[in-house]
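Written below as structure tokens is the structure these notes are about.
The values are calculated or read from the model by the stated rules, or taken from the named source; none is laboratory data. Since this is a predicted model, take the numbers as computed values, not measurements. Neighbour counts run over all protein chains shown; Cβ positions are idealised from the backbone, glycine included.
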Amino acid sequence: MNAKEILRMVLVLTVVCAVWGGALSFVKILTAPQIEYQRIKNIKAPALKKAITVPYDNDPVKDRIKVVIGKDKRGREIYKNIFLAKKGGKIVAVALEAYGAGYAGDIGVMVSINIPSERIGGIAITTYSETPGVGTRAIKSKKFKSQFKNKPITTNFLPGSGAIDVFSGATYTSKGIMTAVQNAVNIYKKIKNKIGITKQS
């Protein structure tokens, strides 16, 4: 095999690799939205069903929007999925996930806010690492979580405010959930104008 043949083979392989690489990238771009939808649907949909307590007729996961909520230490924009529950095409609830520090790690909480009342519709726990049998008692307690329902977003949900009673025996977990709800409310207040929500809507 002479130099020309080797060069021709290298060129052919380069072109083939480039074509296949481009094709794979194109397929990835086409399928990325559907893959993300299925991932969120499988993980977040159960929490959304528990948190959103008003009637709606759409798919909040499909109708989700990504909103910039700030920047990280490197100056890159941070996006948050905002789930919109609609009835007859009108937004009746906004749901989003936020986190608070528990005893063994961050606790993820899906929080829904009813529109236009801007009151908490409900909450549902998405992720946690709490000690089984101790911290999980607050997570599983319907009575504890029901305290948030129907409270206006002007409420101070942070621990020590007196708005929410700490679950006895699971103080750190309770405080983590309370902080997560407050964080969700703070994010909502910051981005509600970006998604067209007003008090009069």
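Observations
- Boolean, GLU130 is surrounded by 15 or more Cβ atoms within 10 Å (Cβ to Cβ), acidic (Asp, Glu) and at pLDDT 90 or above: no
- Residue in the stretch 166-177 that is among the basic types (Lys, Arg) and under 22 Å from LYS80 (Cβ atoms) present: no
- Pair list, Cβ under 8 Å, 6 or more apart: the stretch 92-103 residue at positive phi and small (Gly, Ala, Ser), other residue modelled with pLDDT under 95 and in a strand (DSSP E or B): none
- Boolean, LYS41 is modelled with pLDDT under 95 and under 15 Å from ILE187 (Cα atoms): no
- ILE191 under 21 Å from LYS90 (Cβ atoms), part of a helix (DSSP H, G or I) and at pLDDT below 95: yes
- Set side by side, the residues LYS142, LYS149 differ, and just one is closer than 19 Å to ALA163 by Cα, at pLDDT 95 or above, among the charged types (D, E, K, R) and out of contact with any Phe, Trp or Tyr (no Cβ under 8 Å at 6 or more places or on another chain), which is LYS149.
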